[in-house]
1. Kindly indicate whether Leu33 is within 22 Å of Thr132 (Cβ to Cβ), at pLDDT 95 or above and more than 16 Å from the ligand (Cβ to nearest atom).
2. Quick check, is Ala366 free of Cβ contacts under 8 Å to residues at least 12 places away in the same chain, of a type outside the set (Lys, Arg) and more than 20 Å from Thr273 (Cα to Cα)?
3. Does Ala134 meet the test of being under 18 Å from Ala337 (Cβ atoms) and within 16 Å of the ligand (Cβ to nearest atom)?
4. Tally time: how many residues in region 235-291 are under 23 Å from the mean Cα position of the chain (by Cα) and without any contact (Cβ under 8 Å) to a residue 40 or more places away in the chain?
5. Just need a number here: residues in region 294-341 that are over 22 Å from the mean Cα position of the chain (by Cα) and not β-branched (Val, Ile, Thr).
6. Check Val39, Val57, Val75 and return the single one that is within 16 Å of the ligand (Cβ to nearest atom), within 17 Å of Thr406 (Cβ to Cβ) and under 16 Å from the mean Cα position of the chain (by Cα).
7. So which strands (runs of 3 or more DSSP E) are wholly in region 33-102 and hold at least 2 residues that are touching a helix residue (DSSP H, G or I) at 6+ places or on another chain (Cβ under 6 Å)?
8. Looking at region 94-124, which of its residues are over 24 Å from Val408 (Cα atoms) and either within 16 Å of the ligand (Cβ to nearest atom) or in contact (Cβ under 8 Å) with a residue 60 or more places away in the chain (or both)?
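The values are calculated or read from the model by the stated rules, or taken from the named source; none is laboratory data. Because the structure is a prediction, the values reported are computed rather than measured. Here the Cβ is made from the backbone with ideal geometry for all residues, glycine too, and neighbour counts use every protein chain on show.
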Amino acid sequence: MSADDTSTDETTSAATSSAGTIAAAASPATTTLTLADVVSLLDRRYPPATAEGWDAVGTVCGDPAQPVRRVLLAVDPTADVVDEAIEVGADLLVTHHPLLLRPVHSVAATTFKGALVHRLVRAGCALHVAHTNADAAADGVAEALAATLGLVDLEPLLPLPGESLDKHVVFVPLDATERVLDAMSDAGAGALGDYSRCAWTSTGTGTFVPGDSAAPAIGERGRVERVEEDRLEMIAPRARRAAVVAAMRGAHPYEEPAFDVLELAVLPATAGTGRVGRLDPPLPLREFAERVAQRLPATEQGVRVAGDLDGEVARVAVVGGSGDSLFDAVRRSGADAYVTADLRHHPASELRERAAFEAHAAGRDARDGRPFLVDVAHWASEWPWLESAARVLREDVAGRGATVDTQVSTRRTDPWTARIASAPLP
Ligand SMILES: [Zn+2]
């Protein structure tokens, strides 16, 4: 979906020669995937089409043919992290945040970003970005944050719309069923997750009278005909409707096949922005915030809280990264607390004012207005995803009969380096 998804041809020469050296030293006992293979696995987990329109996800540099034996995962593609990738001998650095979010006219090494691209290419280390597509995904950033905080029964805060599907129902004489099924499958019908050529058939009797000018495959003009037929059902993406119908007509022996195309209801997807879930057992806000502080990596900011520290927290919404644009969805979700990062004064203040007003109007203590806010460092909120991304990448590579070594970056890329406590509050 972005220019970054496409070619990396300009950067191939250094990476290819380095890759060649590595390949020569490889043990024949282990199978190694190429960058193109690994990127296709990452894209299945974090589909680029689910990224926000403004985002720039995909491969930033790297040769698709280079082998990938060691992957370093980090939140930010900073100079520190590039040092680490080169030190550990990574062939691929996967980061959450884009290096080149806005268009650039140069990656000359005279710029701080261009210098990083040069260093990565010289070291034979590719850079790949999974940003808002990783936020939205199952096994993504929001889900990892929710799991780290001990939330269960998760659902997306803002679900992505589910895929638009049709159900094709066609009546086929028994000896032609397999042929029609194959043709519809080849045209894109019958795909369900990791399964293909999925179909249902049941057998019944079809009847018809061929007209005077008909050229029937079975039967005679003017006579009632009865034929044993299969009712063949397959689902297909709505975008493939015309192709599937054309393929069915092409493979069907009848001059006028009987068929239905039914539009299926669109169900919310399991992926989407943020997650909301249950805290079991519920905790007072103070204890919940202490858990957040303990389970996320340490930062200078620590954890900021807005709300009654004794108030009970049973339902929690989370968004990794900057989350103050999601307040409406958080309110609709009925969350008692909202864990996110980068909360600004005005949105946070107005949310809490409104919560207090509504609690008072409902006859409760104004301090008990929901949701409470739990603000953490942006980097800390996204860091839990790295372990989960490393684990699923190892599983996916193993599923292809290969191995990969994964490492999670140990560098703290939160930009804040100190915090000076205020004078004690009066
Ligand atoms: Zn972020």
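1. Values: within 22 Å of Thr132 (Cβ to Cβ): no; at pLDDT 95 or above: yes; more than 16 Å from the ligand (Cβ to nearest atom): yes.
Taking the combined requirement at face value, the residue does not satisfy it.
2. Taking the combined requirement at face value, the residue satisfies it.
3. Answer is no for this residue.
4. Residues that pass the stated criteria total 1.
5. Taking region 294-341 as the starting set, the residues that turn out to be over 22 Å from the mean Cα position of the chain (by Cα) are 294-295, 297-315, 328, 331-332, 334-337.
From what's left, not β-branched (Val, Ile, Thr): 294-295, 297-298, 300-302, 304, 306-312, 314-315, 328, 331-332, 334-337.
Counting residues in region 294-341 that are over 22 Å from the mean Cα position of the chain (by Cα) and not β-branched (Val, Ile, Thr) gives 24.
6. Details: Val39 fails: within 16 Å of the ligand (Cβ to nearest atom); Val57 fails: within 17 Å of Thr406 (Cβ to Cβ).
Selected residue: Val75, the only one of Val39, Val57, Val75 that is within 16 Å of the ligand (Cβ to nearest atom), within 17 Å of Thr406 (Cβ to Cβ) and under 16 Å from the mean Cα position of the chain (by Cα).
7. On the way: elements: 58-61, 70-74, 92-95.
Those strands (runs of 3 or more DSSP E) span 58-61, 70-74.
8. Result: Arg102, Pro103.
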